[in-house]
Amino acid sequence: MNSASQTATLDQTAPAYQEDRVKVTEGVDDSHVTVGEAMLDNAKMSMRDVHVHYGDTHAIKGISLDIAPNEVMAMIGPSGCGKSTFLRCLNRMNDTIDICRVNGKIQLDDQDIYDSNLDVVALRARVGMVFQKPNPFPKSIYDNVAYGPRIHGLASNKAELDDIVENSLTKSGLWDEVKDRLDTPGTGLSGGQQQRLCIARAIAVSPEVILMDEPCSALDPIATAKIEELIGELSENFTIAIVTHSMQQAARVSQRTAYFHLGKLIEVGETSAIFTNPQHKLTEDYITGRFG
Ligand SMILES: Nc1ncnc2c1ncn2[C@@H]1O[C@H](COP(=O)(O)OP(=O)(O)OP(=O)(O)O)[C@@H](O)[C@H]1O
Ligand SMILES: [Mg+2]
């Protein structure tokens, strides 16, 4: 089990890595203990000893991590280290992959999200997801946003549904650009607009947590800046976990950062500390561009 006290022990026993700083330099064998405070007292989502297998591939190897309410947590690490796999555990999107097995405990507030009685559709309304490639439905802009509220029965009449659609598009920063063409196809928007439409679709069902898997990787710098600004605003109402390959983005949008490597969670901490004073050599190698 990870804990702050074990972290302290690790730090003290680790060989000196630089003259002025003690670094943890051990590898990532099965005994690896996450450096930093992975567990919190007031978690919104809580993951304990999570393992994921795809057939014989052991993709996530015993990760424990908490995400605090209203925080933006960045998940970083080299390609193939398991970021998307781990993120998909948080709203059971891995259930859709036949060969995927998830073990361990994952809670949303105090509820075990892998409980066999849990309604997965309701879970995915509480824990929404925005993907790397914008994926609007082949429907109008209005219907893209209204889709979730309709299936979850969140509006009792057309006026209420209109309000939800307008509010969601306003929160996602898209309303002014689309209010005069709500009946046109969502797929007719630019890439950055489509991603904001997908964010509006995710927030229309009033989720508690939003998972974002590289939401800006297909966008230009201006669209990216808009989404990053939006993430800051959204975190007032939602808890956000974002996978990103951009360390600048992680530094700009998140309060805490988790560094993954070969299916393990190597280090987690305040974003500013992770980027200025990483404790594990693997984290340092990655953020300084020596690896990945
Ligand atoms: N659907 C799948 N079927 C089989 N193996 C998979 C599947 N998805 C991921 N994996 C494997 O699980 C491991 C973790 O992959 P994952 O996609 O989670 O990494 P990632 O950190 O998100 O990488 P990237 O930064 O490239 O998106 C890899 O070894 C990958 O090959
Ligand atoms: Mg990925």
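Laid out as a table, the results:
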{"item": "Selected residue (criterion: surrounded by the fewest Cβ atoms within 10 Å (Cβ to Cβ)) from residues of the stretch 254-264 that are part of a strand (DSSP E or B) and away from ligand 2 (no atom under 15 Å from the Cβ)", "result": "Lys264"}
{"item": "Test: Ala146 is at pLDDT 95 or above, surrounded by fewer than 17 Cβ atoms within 10 Å (Cβ to Cβ) and aliphatic (A, V, I, L, M)", "result": "no"}
{"item": "Selection within the stretch 85-102 - farther than 18 Å from His58 by Cβ and either within 12 Å of ligand 1 (Cβ to nearest atom) or assigned to a helix (DSSP H, G or I) (or both)", "result": "Met93, Asp95, Thr96"}
{"item": "Pick from the stretch 174-212, criterion more than 20 Å from Ala125 (Cα to Cα), of a type in the set (S, T, N, Q) and assigned to a loop (DSSP other than H, G, I, E, B), ranking: modelled with the highest pLDDT", "result": "Thr184"}
{"item": "Pairs, first surrounded by fewer than 21 Cβ atoms within 10 Å (Cβ to Cβ) in the stretch 231-242, second at pLDDT 95 or above, C-beta under 6 Å, six or more apart", "result": "Ser235/Asn70; Ser235/Val72"}
{"item": "Residue match in the stretch 139-160 (condition: among the aromatic types (Phe, Trp, Tyr), farther than 30 Å from Leu65 by Cβ and either within 16 Å of ligand 2 (Cβ to nearest atom) or out of contact with any Ser or Thr (no Cβ under 7 Å at 6 or more places or on another chain) (or both))", "result": "yes"}
{"item": "Residues within the stretch 65-84 that are more than 16 Å from ligand 2 (Cβ to nearest atom), assigned to a strand (DSSP E or B), more than 10 Å from Ala241 (Cα to Cα) and touching a residue at least 40 places away in the same chain (Cβ under 8 Å), tallied", "result": "1"}
{"item": "In the stretch 213-253, the residues that are of a type in the set (Val, Ile, Thr), out of contact with any Lys or Arg (no Cβ under 8 Å at 6 or more places or on another chain) and part of a helix (DSSP H, G or I)", "result": "Ile222, Thr224, Ile231, Val253"}
{"item": "Among (1) out of contact with any Cys (no Cβ under 8 Å at 6 or more places or on another chain); (2) under 30 Å from Ser190 (Cβ atoms), the one test that Pro134 misses", "result": "(1)"}
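The values are calculated or read from the model by the stated rules, or taken from the named source; none is laboratory data. Since the model is a prediction, treat every value here as computed from it, not as a measurement. Please note: Cβ atoms are built from the backbone with ideal geometry, for glycine as well, and neighbour counts cover all protein chains shown.
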